[in-house]
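Read the structure below first, then the notes.
We did not get these values from a lab; they are worked out from the coordinates using the rules stated. On a predicted model such as this, the values are computed, not experimentally measured, just so you know. Here the Cβ positions follow ideal geometry from the backbone for every residue, glycine too, while neighbour counts run over all protein chains shown.
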Amino acid sequence: MKFSPQTYRIPDVSMQPFLDDDEIWEILNKAEVNIDLVKAIVDKSLNKQRLSLAETAVLLKAETPEMIELIKQGARELKERVYGKRIVLFAPLYVGNYCSNNCRYCGFKASNKNALRKTLTKNELIENVKALEEHGQKRLILVFGEHKAYSAEFIADTVRTVYEVKKNNGEIRRVNINAAPFDIEGFRTIHASGIGTYQVFQETYHHPTYEIVHPSGKKADYDYRLTALDRAMEAGIDDVGIGALFGLYDWRFEMLSLLRHVNHLEACYNVGPHTISFPRIQDASEYDLDTKYFVTDAEFTRLVAILRLAVPYTGLILTARESEKIRKEVLAFGCSQIDAGTKLEIGAYAENPHIDQNLNKEQFKINDDRTLNQVIDELLDSDYLPSFCTACYRKGRTGQHFMEFSVPGFIKKFCTPNAMLTLAEYIMDYATPETAEKGWRVIDRNMNQLGDEQYVTEVQSRIERIKQGERDLYF
């Protein structure tokens, strides 16, 4: 078969491997770059059209300062058009760090004898969720080591427990999951618990590198992990998240491979991933890696901007692995979700006196340890609209339904007012006086931009109801 950017050597068949290393490199190597072509590709993205792998490869090979600035400016403008100023906030909650794998970049690896293994008891789980709610969190991602102790039934029970916890006006309204891949029946069990997004990362899509960094454990099976989200989709989970751990192999290869994964899901299930994550390698206990492919700050900011242009409607998750400075810079290029108030030690949110916070229970190091209120305060200073919205999930606007709303841009009519309502809740229940003052100003500015007078009246009415004590109002 003659190669073309749109003809894949390995066809897209559900639950079958689809990634060809040589094909990815061929697309990259064939890309020819000039300023006019880069501008044309950026303009296509600004018209809210998905970029092909070949077009993305051109952006990946654009090296001059003029081309890089053109890409970044395009990403800034696209983010404004699609997402406005809204930034969704969440927190990770590590439930347990037992693991049967030996990933060379991870502190949870089975061979790490210095790691204190811990799984939260049900009471400890409840106390940590209460602590998160007391700070205003509404969205969690539960993280589990990859171990037989964390079965589908255990995960489902954990999700149900989290949803049941209520502290004053606090509640968790969306629980996402980062856990080992399961078979279809396992995913059905997890789906039935009411999860939001199921997230699993391939880490690296490059076959030889994958084998080197995953020497043992179930995770050593490249194809089983690659097809994990196919099985999740088959089980009815229509909101899934993909990602790569940048720094294991060439970042350009990983970027194109992520997009190849997007194409596969769209071809087989008519909907791509809800989110894409792009964490960078950070130091970890028993860390054992060559630094050859580590991603610099300059490369990282470029890759975020290119990813935003390549997939205009896919949520991009930026984590506290990155420093406050880098997070502030790349937010403008298209990230739509960030974690805040993050603690990675098992049980750390509850500050349980029976848990030694100095013990080695981190998976990796974080570089932004600000509180949730501090992060919100900075977002408001930068005129962003912090959001804890979970309306689309609970109204059934997920998977293909979400794309039907978001691709024409209709989602903004839900997202902006719902973000304002959740920010109003945060202001009333958790914000410092200084943050509250800034928050009301940002709400007023966004209110003035809604346009539709009848819609403005309805949003204002709901905010007044929140001020009177009602909660969980959404469109």
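So here's what we get for this one:
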{"read-out": "Mean Cβ count within 10 Å, highest first, over the residues of peptides 45-51, 145-151, 123-129", "value": "123-129, 145-151, 45-51"}
{"read-out": "R0 of 22 Å, Cβ-Cβ distance residue 164-residue 429: FRET efficiency to nearest 0.05", "value": "0.65"}
{"read-out": "Pair residue 183, residue 220: separation of 7 Å Cα→Cβ label points (nm)", "value": "2.1 nm"}
{"read-out": "Structure-based [θ]222 nm, the chain - -39500 (n - 2.57) summed over DSSP H runs of at least 4, per residue, nearest 500", "value": "-13500 deg cm²/dmol"}
{"read-out": "Dipole moment magnitude, nearest 20 debye, the chain about Cα centre, only Lys, Arg, Asp, Glu C-beta charged", "value": "600 debye"}
{"read-out": "Inverse of mean 1/r across different Cα pairs in the chain, Kirkwood, Å", "value": "22.8 Å"}
{"read-out": "Per-pair calculated FRET efficiency, R0 = 25 Å: residue 64 and residue 328 via Cβ, rounded to 0.05", "value": "0.50"}
{"read-out": "Set 85/219; 79/130; 85/325; 118/166 screened for pairs whose C-alpha atoms are more than 27 Å apart", "value": "85/219; 79/130"}
{"read-out": "Within the chain, percent of DSSP bridges classed antiparallel, to nearest 5", "value": "10 percent"}
{"read-out": "Aspartates and glutamates whose Cα lies under 13 Å from that of residue 167, excluding same-chain neighbours fewer than 8 positions away", "value": "127, 133, 134, 429"}
